[in-house]
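The values are calculated or read from the model by the stated rules, or taken from the named source; none is laboratory data. This structure is a prediction, so every number in the text was calculated from the model and none was measured. With ideal geometry, Cβ positions are generated from the backbone for all residues, glycine too; neighbour counts draw on all protein chains shown.
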Amino acid sequence: MTGTMPHHLNLVDGEWVDGERRANHNPARPGEVVSEYALADRDTARAAIEAARRAQPGWARQPVAARMEILDRIGATLLRRTEELAVLLAREEGKLLAEARGEIVRAGQTFRYYAHQLLQPQGEVYSSTRPNVHAEVRRRPLGVVGIITPWNYPLAIPAWKVAPALAHGNTVVLKPAELVTASAGELARIVAEAGTPPGVFNLVMGAGRVVGEELLTSTAVDGVSFTGGTGTGAHVARQCIAHGNKRFQLEMGGKNPLVVLDDADLEVAVRCALDGSFFSTGQRCTASSRLIVQANIHDRFVAALATAVSALRVGDPLDPRSDLGPVVSPEQLAQNLDYVRIGRDEGATVVAGGEHHPDEGQFMRPTLFTDARNTMRLAREEIFGPVSCVIRVNDLDEAIDVAGDTDFGLSAGIVTTSLSAAERFKRDARAGIVTVNLPTAGTELHLPFGGTGASNHGPREQGGYARDFYSVPVTCYTGW
Ligand code: TXE
């Protein structure tokens, strides 16, 4: 360890806890260490859970005004430190500085949003069928919540889980992805410095199968909110059921379709596909990875999109000329390139990109396939990189069928100038989020987020809907 290297420690019961140091590297310059973090072990995770358990009743009894003030302060600090945190995030995860700024602002606004959500009605009053009885439904906190997050939104995803958890009177143990511990460490400092009592928010960094596993198997944890891959999500579900039948919420990505109809405005269609498929290096669970295109517009759309994709500049996220940053890790890059080979072997045609970018760093050229069929692995499995494929269809009925023929069901988009096609798509698309003449990616913090099928399990995240996971309804009958 070098003395001057920025480092981040675990936060347990208000204390900063050290451990074996691990380094995280800049994916755009693999030789550059961004920061070091202290690896938590199972004992540290256990201590964090116990601290959260002890702190929970007191936190839940804090006056709403006190909880509001703390959440508001966290949000304000994130917003004030946007520029500095965005540079760290871009260096650590590889997203463009502009995207990183947007993410920090989103995280800050999310804390502020949930501060004010506390002033919304928190229950319902019913008429009782019995005389002299008052019937109401109140909410109590879920309890201790384990939060397990991925690397692709190192601040926004923790924010949209931690903020409603704390708002509703829960205490938290956050286990971020190992690749983005600097962002998580900064968030922990901000949460602690905002005046959160010890044990209310805890951070444990390390391997999923060690510290993550402790959150899943501990019966002192009441619920787990997880975002990540489908395989891990299934494991989370099994463990939560086996260990205390605890509540769980899973968000696990997608294979999102963008339908382009013959009547679409070509420019809008290309813009939506370019943004949805390739921005953020395709590392978004709402990315458009299947472009389902009607026959008459197909060739014009492919030509225009291939030109636009080839013109995207891949480079350092801190360079304002870059359109696309690096792939997050060598493993993810290898997986992306593997899928390019699989797509070629399956008979799809590469019309843009298709290879590793020659620069040093984990760069990949954005890759567009045509001649894809929906049965190919290329069209069925989540790649999570800058790779998309075009599937040709004859009409809206076929487009809706192909769009819905997926194990996933997070987001689905259509580009059309027909009001009736748009309405039919909103009605029939099998997805939790539907967009019309907009990219499939890009959501708003006050609206519910989540999908169907393999994309999602449990109540929706974000907006007022987050309450359904982070609190428990209690039906009260009062005789008078
Ligand atoms: O995810 P993991 P990874 C998809 C995407 C990507 C793939 C793998 O397709 O290629 O998942 O990415 C923690 N007990 N998405 O490897 O492993 C882990 O430490 C408890 C989609 O990053 O699912 C991390 O904090 N926790 C996704 C979190 O789970 C465990 C975003 C997610 O890691 C654990 C990212 C265990 N046994 C990847 N094993 C989306 N939905 O947007 C791992 N973890």
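Those residues that are β-branched (Val, Ile, Thr) and part of a loop (DSSP other than H, G, I, E, B), I need them from the stretch 395-439; list them, please.
If the condition is that a residue be β-branched (Val, Ile, Thr) and part of a loop (DSSP other than H, G, I, E, B), then Thr406, Thr416, Thr417 are the ones that fit.
Check whether at least one residue in the stretch 174-186 is acidic (Asp, Glu), within 14 Å of the ligand (Cβ to nearest atom) and not in a strand (DSSP E or B), and report yes or no.
Looking through the stretch 174-186, at least one residue is acidic (Asp, Glu), within 14 Å of the ligand (Cβ to nearest atom) and not in a strand (DSSP E or B).
When you look at Ile433, is it in contact with an Asp or Glu (Cβ under 8 Å, 6 or more places away or on another chain) and either touching a residue at least 24 places away in the same chain (Cβ under 8 Å) or buried (at least 23 other Cβ atoms within 10 Å of the Cβ) (or both), yes or no?
No.
In the stretch 339-385, which residues are under 24 Å from Gly453 (Cβ atoms) and of a type outside the set (A, V, I, L, M, F, W, C)?
Tyr339, Gly343, Glu346, Arg373, Asn374, Thr375, Arg377, Arg380, Glu381, Glu382, Gly385
Considering Gly442, Gly451, which residue is part of a loop (DSSP other than H, G, I, E, B), in contact (Cβ under 8 Å) with a residue 60 or more places away in the chain and buried (at least 22 other Cβ atoms within 10 Å of the Cβ)?
Among Gly442, Gly451, only Gly451 is part of a loop (DSSP other than H, G, I, E, B), in contact (Cβ under 8 Å) with a residue 60 or more places away in the chain and buried (at least 22 other Cβ atoms within 10 Å of the Cβ).
With respect to Gly228, determine if the residue is surrounded by fewer than 24 Cβ atoms within 10 Å (Cβ to Cβ), closer than 19 Å to Ala466 by Cβ and in contact with a helix residue (DSSP H, G or I) (Cβ under 9 Å, 6 or more places away or on another chain).
So Gly228 fits the description; yes.
Across the stretch 317-368, which residue is modelled with the lowest pLDDT among those that are away from the ligand (no atom under 16 Å from the Cβ) and among the acidic types (Asp, Glu)?
Among those that are away from the ligand (no atom under 16 Å from the Cβ) and among the acidic types (Asp, Glu), it is Asp359.
Could you please let me know if Gly208 is closer than 20 Å to Leu11 by Cβ and either out of contact with any helix residue (DSSP H, G or I) (no Cβ under 7 Å at 6 or more places or on another chain) or in contact (Cβ under 8 Å) with a residue 60 or more places away in the chain (or both)?
In short, yes.
Just one of the numbered conditions (1) surrounded by 23 or more Cβ atoms within 10 Å (Cβ to Cβ); (2) closer than 27 Å to Gly169 by Cβ is not true of Leu9; which one?
All conditions pass for Leu9, except number (1).
I'm trying to understand the selection: among the residues of the stretch 26-74, which are without any contact (Cβ under 8 Å) to a residue 60 or more places away in the chain, within 24 Å of the chain's Cα centre (by Cα) and part of a helix (DSSP H, G or I)?
The answer is Asp72, and nothing else.
Which of the residues that make up the stretch 43-54 are closer than 21 Å to Ala184 by Cα and surrounded by 15 or more Cβ atoms within 10 Å (Cβ to Cβ)?
Thr44, Ala45, Arg46, Ala47, Ala48, Ile49, Glu50, Ala51, Ala52
Considering only the stretch 21-48, state which residues are in contact with a strand residue (DSSP E or B) (Cβ under 7 Å, 6 or more places away or on another chain) and not aliphatic (A, V, I, L, M).
Across the stretch 21-48, the qualifying residues are Arg21, Arg22, Asn24, His25, Asn26, Glu32, Ser35, Glu36, Tyr37, Thr44.
For the condition outside the structural domain of Val204 (by TED's automatic domain parsing), over 26 Å from Asn170 (Cα atoms) and either at pLDDT 95 or above or not charged (D, E, K, R) (or both), what is the one hit in Thr82, Thr2?
Of the residues listed, the single one that is outside the structural domain of Val204 (by TED's automatic domain parsing), over 26 Å from Asn170 (Cα atoms) and either at pLDDT 95 or above or not charged (D, E, K, R) (or both) is Thr2.
Confirm whether Val270 is near the ligand (Cβ under 9 Å from one of its atoms) and either in contact (Cβ under 8 Å) with a residue 40 or more places away in the chain or assigned to a helix (DSSP H, G or I) (or both).
no
Take the conditions surrounded by 22 or more Cβ atoms within 10 Å (Cβ to Cβ), without any contact (Cβ under 8 Å) to a residue 60 or more places away in the chain and not assigned by TED's automatic domain parsing to the domain that holds Ile147 and apply them to Leu410. Does it pass?
no
Sort through Gly244, Gly229, Gly199 and tell me the only one that's in the same structural domain as Ala47 (by TED's automatic domain parsing) and near the ligand (Cβ under 10 Å from one of its atoms).
Gly229
How about the stretch 202-226: which of its residues are of a type outside the set (Asp, Glu), more than 10 Å from the ligand (Cβ to nearest atom) and farther than 19 Å from Asp43 by Cβ?
Across the stretch 202-226, the qualifying residues are Gly223, Ser225.
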